[in-house]
Amino acid sequence: MLTLTGHDLSLPLLVEAARRPGPVGVHVDALERMRENRAFAERIAERGDAVYGLTTGVGIRKERTVDADAMREFNRRLMREHATGQGQALPADVVRAAGILLLNQLAAGRSNARPEVAERIAERLSAGVAPVVPMYGSTGMGDVAPLAHLAPALVDDLGLEAGEALPLIGQGSIVTAHAALALYDAEILLESITTLTALDVEAFAANPSPFHPAAGEVRPYPGYRRALAAIGELLDGTSLADDPRHLQAPLAFRDAAAVLGAAYDAFAFCLRQVSLELNAHQQNPLALMEEDRMLPVANFDLQALAAAMDFARIALAPCLTAQCERSIKLLQASQTGLSHGLEPPGDLLGHGLSETAWPLQALTAEARLLIAPVSAETGSSLQAEGIEDRMTMAGLGARRLAEMTELGFRALAISATIAAQGVELRGLERLGPNLAYVHGRIRQHVAPLGPGDPPPADWEPLVSALRSGLLA
């Protein structure tokens, strides 16, 4: 049972619950907070306060008073008329994560929803309900359009009282879910590239001295130190230090820890932003029982997430580019002193793995083309008569990070195949115990290239294993 409180949902818990569905509930204290807050909202409405979405319309219709008798129809139409999403369906894990985050928002007890609404959503999530939610339609100022597809399926036939529809569609659980899952997967990819870097260094017979911990002592970035330590540990026991082929290896090898370290530092910031957002209030208005009022706020603005998604893609792209360069060089006999394309010994008719360079470069190029920032995009000043004149496009930023990560895992599968072949031709006896283990993990999913063999026809098993953390 995943029990939500509104305050302590972590990224690993969210990923686990989204990808391995099980029962979901709301903590009894959170339900009591919701009950108290609902009573407060009803008192506010009874005394005649103008409260956005509780006693008034929304958007440019905020000046219109909606009385209690009309609120049920208002709620129904608010969700139906905002269900304007477009395109293919979001992945099922993103939809389930969004439902969990929506429920966590309610559990915090700062909206106008009754505990019965949260309990109904928990029941539906526990039953495995995964509505079809269109991918396109969010501007990153809350997720009104996609949530208007999700929320009705989760509340089912439960009648909504005054002020209960807006908190179900006026926050950013779709974007937050997509960003959280994308960043979680991207960190697995980053760790996997770090692991494979060490195998590349061994296959290339590069000088291991750039990975000495002293380099991080005098340049004390946390990410740089992390990358140096990881690669250094993997290279422990190698024979490279006894007879390195290169005093100065190409920069893609020599600078690998610096590139990876910069990404680790960037990801640390991005992970902090996402982790904060998992339990952050994202709605308007904000219920302030302690001040006896409903406070108009702009917590639906997801600029923090949008900027984090841009930063993550910008930091990840050089890691993918450097990985591609290392793999391409491993295929060049003039660079490695091994056979052309890492051909098996005695095979003079084939091309070895040379032709894998083309899809590798294509995948890396496609990933790199996704780095363009989207968080500076602007909205139309004419929308809603000039009121809704901003957008963050955080959803697009999250989708692009997810797509970059997917391309990255596919490129990494090719790179891992190349590196494994390279260390075999160089001599497995040279490997230390840690890299021998890494090599064995790769070979569980892709076979060595023998005389007359073509490149692997199906990388999917290796791609799937890498996504699951094979090298992380």
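The values are calculated or read from the model by the stated rules, or taken from the named source; none is laboratory data. Just so it is clear, the structure is predicted and the values come from calculations on it, not from any experiment. A quick note on method: Cβ atoms are made from the backbone with ideal geometry, for glycine too, and the neighbour counts reach across all protein chains shown. These accessible areas exclude ligands, DNA and RNA; they are computed on the full protein's heavy atoms, side chains included. Shrake-Rupley method; radii C 1.70, N 1.55, O 1.52, S 1.80 Å.
Sorting the segments 41-52, 170-181, 271-282 by their residues' average number of neighbouring beta-carbon atoms within 10 angstrom, most packed first, yields 170-181, 271-282, 41-52.
By the gyration tensor of its Cα atoms, with a ≥ b ≥ c the square roots of the eigenvalues, what is the shape of the stretch 1-72: rounded for a/c under 1.5, prolate for a/b over b/c, or oblate? Prolate, since a/c reaches 1.5 and a/b exceeds b/c.
Over the stretch 14-123, the ratio between the Cα radius of gyration and 2.2 N^0.38 Å evaluates to 1.24. Under 8 Å for C-alpha pairs, at least 6 residues apart: give me the relative contact order for the chain, rounded to a whole percent. About 18 percent, as a whole number.
Relative to the compact-globule estimate of 2.2 N^0.38 Å, the Cα radius of gyration of the stretch 163-296 comes out at 1.58.
Helical content of the chain, expressed as a calculated mean residue ellipticity at 222 nm, amounts to -17500 deg cm²/dmol (DSSP H runs of 4 or more residues, -39,500 (n - 2.57) each, divided by residue number, nearest 500). Shape of the stretch 49-114 from its Cα gyration tensor (a ≥ b ≥ c, root eigenvalues): rounded if a/c is under 1.5, otherwise prolate when a/b > b/c, or oblate? Taking the square roots of the gyration eigenvalues as a ≥ b ≥ c, the stretch 49-114 is oblate. Short-range pairs are left out: with C-alpha atoms under 8 Å and at least six residues apart, the relative contact order of the stretch 232-384 is 20 percent.
Determine the share of the stretch 80-212's accessible area contributed by carbon and sulfur atoms, expressed in whole percent, with a 1.4 angstrom probe. Using a 1.4 Å probe with all protein chains present, the stretch 80-212 comes out at 49 percent carbon and sulfur.
Computed from Cα atoms, the angle from the helix 173-204 axis to the main principal axis of the chain rounds to 10 degrees.
The mean sequence separation of alpha-carbon pairs under 8 Å and at least six residues apart, normalised by the residue count of the stretch 1-154, gives a relative contact order of 33 percent. By DSSP, the beta bridges lying fully in the chain are antiparallel in about 70 percent of cases. Semi-axis lengths, largest first, of the ellipsoid equivalent to the stretch 310-450 are 43, 15, 11 Å, with √(5λ) applied to each eigenvalue of the Cα gyration tensor.
For the stretch 432-468 and the stretch 1-28, what is the centre-to-centre distance using only Cα atoms, to the nearest Å? When both Cα centres are located, 35 Å separates them.
Once the 1.4 Å probe is applied to the protein heavy atoms, the chain comes out at 42 Å² accessible per residue. Phi angles across the stretch 121-131 convert, under the Karplus curve 6.51 cos²θ - 1.76 cosθ + 1.60 with θ = phi - 60°, into 3J(HN,Hα) values of 4, 4, 4, 5, 5, 5, 7, x, 5, 9, x Hz, Gly and Pro given as x. Volume per residue of the convex hull around the Cα atoms, evaluated for the chain, comes out as 153 Å³. Ordering of 65-74, 23-32, 312-321, 92-101 by packing is 92-101, 312-321, 23-32, 65-74, highest average first (other Cβ atoms within 10 Å, averaged per residue).
Packing-wise, with mean Cβ within 10 Å as the measure, how do 189-198, 391-400 rank, highest first?
391-400, 189-198
What Kirkwood radius, in Å to one decimal, follows from the Cα pairs of the stretch 368-472? It works out to 17.0 Å.
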